[in-house]
């Protein structure tokens, strides 16, 4: 393999972020009595982040998944599984940039951001919020680091390491190529060529389009 080189340490790409599930569940428990069930059936899973009075909303993802797409190009920015919380980060600007779509089996609840902030202050739960916000900020930094000023090969390697961390039962339902293409603006031909070369070099085990495993450390040079 020859061509571009990695500028970053690929050990950083392989390092997983730990989701603060305990803090998230405590926040959901705190917010639930004030929240209302949210049914997105009529909107094909699309979630509004403001109510009719333009109040910012906080969405509690109890179970299921939410896909987050960038409006400008419909790029899949992130996929979140429950438990998770949306709407505590940023202003309406953030939610004009992204679109949120829930899976059909998702269980969602909603309350206003103002209600959520009052509950946090009243119950001295700001520590859990900071823990969750830190995780959210780190995730966004990870995504930016993966895509900005990176070569096609670097981006593909980053997504391969990311996909490898997905539990096997779920991973067997995911096309490697589609996983990368949905989350980037890369050309399909380039992605398929690099994946084929990594398979030929016995760096990855891909069967029927699914990533079985990364067999050894991906090369820094392509």
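The values are calculated or read from the model by the stated rules, or taken from the named source; none is laboratory data. Keep in mind the model is a prediction, meaning the values are calculated, not measured. Cβ atoms come from the backbone with ideal geometry, glycine included; neighbour counts cover every protein chain shown.
Mind listing just one residue for me: the one in segment 146-174 that is touching a strand residue (DSSP E or B) at 6+ places or on another chain (Cβ under 7 Å) and assigned to a loop (DSSP other than H, G, I, E, B) and, of those, surrounded by the fewest Cβ atoms within 10 Å (Cβ to Cβ)?
172
Can you find a residue that is surrounded by 13 or more Cβ atoms within 10 Å (Cβ to Cβ), in contact with a strand residue (DSSP E or B) (Cβ under 8 Å, 6 or more places away or on another chain) and either assigned by TED's automatic domain parsing to the domain that holds residue 72 or farther than 19 Å from residue 142 by Cβ (or both) anywhere in segment 186-197?
Yes, the conditions are met somewhere in segment 186-197.
Here is a yes/no grid of residues against (1) in a helix (DSSP H, G or I); (2) within 30 Å of residue 115 (Cα to Cα); (3) touching a helix residue (DSSP H, G or I) at 6+ places or on another chain (Cβ under 8 Å); (4) at pLDDT below 95:
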{"site": "8", "(1), (2), (3), (4)": "no, no, yes, yes"}
{"site": "19", "(1), (2), (3), (4)": "no, yes, yes, yes"}
{"site": "23", "(1), (2), (3), (4)": "yes, yes, yes, no"}
{"site": "27", "(1), (2), (3), (4)": "yes, yes, yes, no"}
{"site": "33", "(1), (2), (3), (4)": "yes, yes, no, no"}
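Conditions (1) in contact with a helix residue (DSSP H, G or I) (Cβ under 7 Å, 6 or more places away or on another chain); (2) assigned by TED's automatic domain parsing to the domain that holds residue 31, marked per residue:
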{"site": "114", "(1), (2)": "no, yes"}
{"site": "123", "(1), (2)": "yes, yes"}
{"site": "126", "(1), (2)": "yes, yes"}
{"site": "159", "(1), (2)": "yes, no"}
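This table checks each residue for (1) in contact with a helix residue (DSSP H, G or I) (Cβ under 7 Å, 6 or more places away or on another chain); (2) part of a helix (DSSP H, G or I); (3) outside the structural domain of residue 194 (by TED's automatic domain parsing).
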site: 105; (1), (2), (3): no, no, yes
site: 110; (1), (2), (3): no, no, yes
site: 131; (1), (2), (3): yes, yes, yes
site: 134; (1), (2), (3): no, yes, yes
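In the set 80, 92, which member is surrounded by fewer than 17 Cβ atoms within 10 Å (Cβ to Cβ) and without any contact (Cβ under 8 Å) to a residue 60 or more places away in the chain?
Going through 80, 92 in turn, the sole match is 92.
Can you tell me which residue in segment 58-71 is modelled with the lowest pLDDT, limited to those that are farther than 16 Å from residue 107 by Cα and surrounded by 13 or more Cβ atoms within 10 Å (Cβ to Cβ)?
Checking each candidate, the answer is 70.
Return the residue satisfying two criteria in turn: it lies in segment 72-94 and is in a loop (DSSP other than H, G, I, E, B) and modelled with pLDDT of 90 or more, and of such residues it is nearest to residue 120 (Cα to Cα).
87
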